[in-house]
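This report concerns only the one structure given below.
The values are calculated or read from the model by the stated rules, or taken from the named source; none is laboratory data. Note that this is a predicted model, so its numbers are computed, not measured. Counting neighbours? That spans all protein chains shown, and the Cβs are built from the backbone with ideal geometry, glycine included.
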Amino acid sequence: MLHFPDNVPSSYFELITMGESVATTESEGQQRGFSSPFLSDNPPPIIRDPYSVPIEDINMIDGRLFQEDLQFAHFKRLREEDPVHLNELPGIGRYWSITKFEDIMFVDKHHELFSSAHGITVGPQVDLPANPNELAFSNFIAMDPPKHDLQRATVSGVVAPPNLAKLEGTIRTRAGSILDALPVGETFNWVDRVSIELTTQMLATLFDFPFEDRRKLTRWSDVATAPPGTGIVDTAEQRQNELLECLAYFTRLWNERAAQETPGSDLISMLVHGEDTKDMAPHEFLGNLILLIVGGNDTTRNSISGGVLALNQNPAEYDKLRANPGLIPNMVSEIIRWQTPLPYMRRTANQDIELRGRHIQKNDQLLMWYISGNRDEDVIDQPDRFIIDRGNARHHLAFGFGIHRCMGNRLAEMQLRIVWEEIMKRFEQVEVVGAPKRLRSSFVRGITDLPVRVHPHS
């Protein structure tokens, strides 16, 4: 039996997410000893032109840059002038922005030099005294070997090729039903009607989660990746309560699956019956769940929306797609590169090390900015162009590299391929008719609202 904790400390909600502010980098974090100036009552002015300030003033964890889609010029300057860029904040300490493709690959591949065990988003410095009111927290993406390997292996079967083959028909049927229900001749929010609905249905299938409650998964994903005051939740208390609701719900499902004589093939059953996961504590269970929910929700849904936006911004590429729908598999890789739904991951230096002549100290944090590496002119030809027939399109950083490479990358690619195959069967164009609204986050490059109209084939 997995037992819900009787006495949950007030800081627990910070720990059942993916680290510090769970994935946004900008949590208020007072209980962890750090705070973000960008979420204070008097935040510094947003830097709209990165060339108008000294380069040391550029700080890419400011979620407002991503909300207003200003980040690319900032990254371009960093790649050109300071590709290993140092920032420092009280309670966080020193953290480096790694912005070049090859440097990011180096950090990602050398887990013996750069640890994941201290968190995957920027957070409190490693040598801060522990808060006695906090419970230990972990999930397999925020672990180093050997425990990482054991827990990842337990759930990786759900996205193995045989299982993906079984899922393809389900995804196609559901994508078709969602698209057939769209209101022709009316403006609607593509994010809600298509991107969220498809990914949420898929998550419910992978978890064998009650279908009628599937939107809870979307909500918990949003809550887990948003600090208070940025539009998702108003207060830390609200966030805490909603994440504890998630824990309680999944604890019930865990106990139900544990009582089944024949284990199911869903993710919860895999964790319940996995030799290396069956005895995990509740906070570790939920940590892994949040990881799987966010990984299966935020990334795919924002790539679905980002693809529609990219084609509308590049009408010649849309014409190219209409002329040759066979380009869809290649286009999917280009969409993922173009969107880069998770802009960065953090590592922590295990020892002093030199990188591009900069002295990185033991316990310094390194932010691997995948979104910048995916626009690196030294590796990717014309990186600021969206080209659906780009050569070697899968050579991008959006899934990471090394032992922490995205477990669900093939599932994400398959979902995107199928949804675009089904779109092209039905519609001449999905027309964007208004400006997108973007998430205020430097960890999730999210689109919250994308007004569109669909135009069926004549």
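From 412, 393, grab the single residue that is at pLDDT 95 or above, among the small types (Gly, Ala, Ser) and crowded, with 19+ Cβ neighbours inside 10 Å.
Residue meeting the stated conditions: 393.
Can you pull out the residues in segment 193-218 that are loosely packed, with under 15 Cβ neighbours inside 10 Å, part of a helix (DSSP H, G or I) and out of contact with any Ser or Thr (no Cβ under 7 Å at 6 or more places or on another chain)? The answer is 211, 212, 213.
Every condition in (1) outside any loop (DSSP other than H, G, I, E, B); (2) farther than 23 Å from residue 376 by Cα holds for residue 104 except the one numbered (2). No other residue among 182, 128, 135 is at pLDDT below 50 and assigned to a loop (DSSP other than H, G, I, E, B) apart from 135. For segment 378-388, what are the residues that are surrounded by 14 or more Cβ atoms within 10 Å (Cβ to Cβ) and either in contact with a Pro (Cβ under 9 Å, 6 or more places away or on another chain) or touching a residue at least 40 places away in the same chain (Cβ under 8 Å) (or both)? Passing the criteria: 379, 380, 386, 387, 388. Look at segment 284-295: where a residue is among the charged types (D, E, K, R), no partner that is assigned to a helix (DSSP H, G or I) sits 6+ places away or on another chain with Cβ atoms under 6 Å. State all residues of segment 225-242 that are within 28 Å of residue 434 (Cα to Cα) and either of a type outside the set (A, V, I, L, M, F, W, C) or assigned to a helix (DSSP H, G or I) (or both); if no residue qualifies, say none. Within segment 225-242, 225, 227, 228, 229, 230, 231, 234 meet the criteria. Residue by residue through segment 379-389, note down the ones that are in contact with an Asp or Glu (Cβ under 8 Å, 6 or more places away or on another chain) and more than 21 Å from residue 299 (Cβ to Cβ). Selection gives 379, 387. Kindly evaluate residue 435 against the criterion of being surrounded by 23 or more Cβ atoms within 10 Å (Cβ to Cβ) and not basic (Lys, Arg). For residue 435, the condition - surrounded by 23 or more Cβ atoms within 10 Å (Cβ to Cβ) and not basic (Lys, Arg) - is not met.
Residue count for segment 356-374 under the criterion of being surrounded by fewer than 17 Cβ atoms within 10 Å (Cβ to Cβ), in contact with a helix residue (DSSP H, G or I) (Cβ under 8 Å, 6 or more places away or on another chain) and assigned to a strand (DSSP E or B): the result is 0. With the structure loaded, tell me whether residue 171 is within 28 Å of residue 455 (Cβ to Cβ), of a type in the set (A, V, I, L, M, F, W, C), buried (at least 19 other Cβ atoms within 10 Å of the Cβ) and modelled with pLDDT of 90 or more or whether it fails that test. No. For the structure I just gave you, tell me whether residue 403 is modelled with pLDDT under 95, out of contact with any Ser or Thr (no Cβ under 8 Å at 6 or more places or on another chain) and not in a loop (DSSP other than H, G, I, E, B). Here the answer is yes, as residue 403 does meet what is asked. Checking segment 108-121 against the condition returns a match, with at least one residue being at pLDDT 60 or above and part of a helix (DSSP H, G or I). Report yes if residue 398 is farther than 19 Å from residue 324 by Cα, part of a loop (DSSP other than H, G, I, E, B), touching a Lys or Arg at 6+ places or on another chain (Cβ under 8 Å) and among the small types (Gly, Ala, Ser), otherwise no. Yes; evaluated as a whole, the condition is true for this residue. Of the residues making up segment 253-276, those that are surrounded by fewer than 20 Cβ atoms within 10 Å (Cβ to Cβ), among the polar types (S, T, N, Q) and either touching a helix residue (DSSP H, G or I) at 6+ places or on another chain (Cβ under 7 Å) or touching a residue at least 40 places away in the same chain (Cβ under 8 Å) (or both) are 255, 265. Looking only at residues of segment 208-261 that are at pLDDT 85 or above and of a type in the set (A, V, I, L, M), we find that the one that is nearest to residue 42 (Cα to Cα) is 217.
Matching residues to (1) on the phi > 0 side of the Ramachandran plot; (2) surrounded by fewer than 19 Cβ atoms within 10 Å (Cβ to Cβ); (3) in contact with a strand residue (DSSP E or B) (Cβ under 9 Å, 6 or more places away or on another chain):
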{"position": "47", "(1), (2), (3)": "no, yes, no"}
{"position": "54", "(1), (2), (3)": "no, yes, no"}
{"position": "57", "(1), (2), (3)": "no, yes, no"}
{"position": "62", "(1), (2), (3)": "no, no, no"}
{"position": "95", "(1), (2), (3)": "no, no, yes"}
{"position": "102", "(1), (2), (3)": "no, yes, no"}
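Only residues that are aromatic (Phe, Trp, Tyr) and either in a strand (DSSP E or B) or modelled with pLDDT of 95 or more (or both) were counted across segment 428-458, and they come to 0.
Among the residues examined, residue 322 does not qualify as assigned to a helix (DSSP H, G or I), of a type outside the set (Gly, Ala, Ser) and either touching a Lys or Arg at 6+ places or on another chain (Cβ under 6 Å) or crowded, with 20+ Cβ neighbours inside 10 Å (or both). Quick one: is residue 368 on the phi < 0 side of the Ramachandran plot and at pLDDT below 95? Spelling it out, it is not the case that residue 368 is on the phi < 0 side of the Ramachandran plot and at pLDDT below 95.
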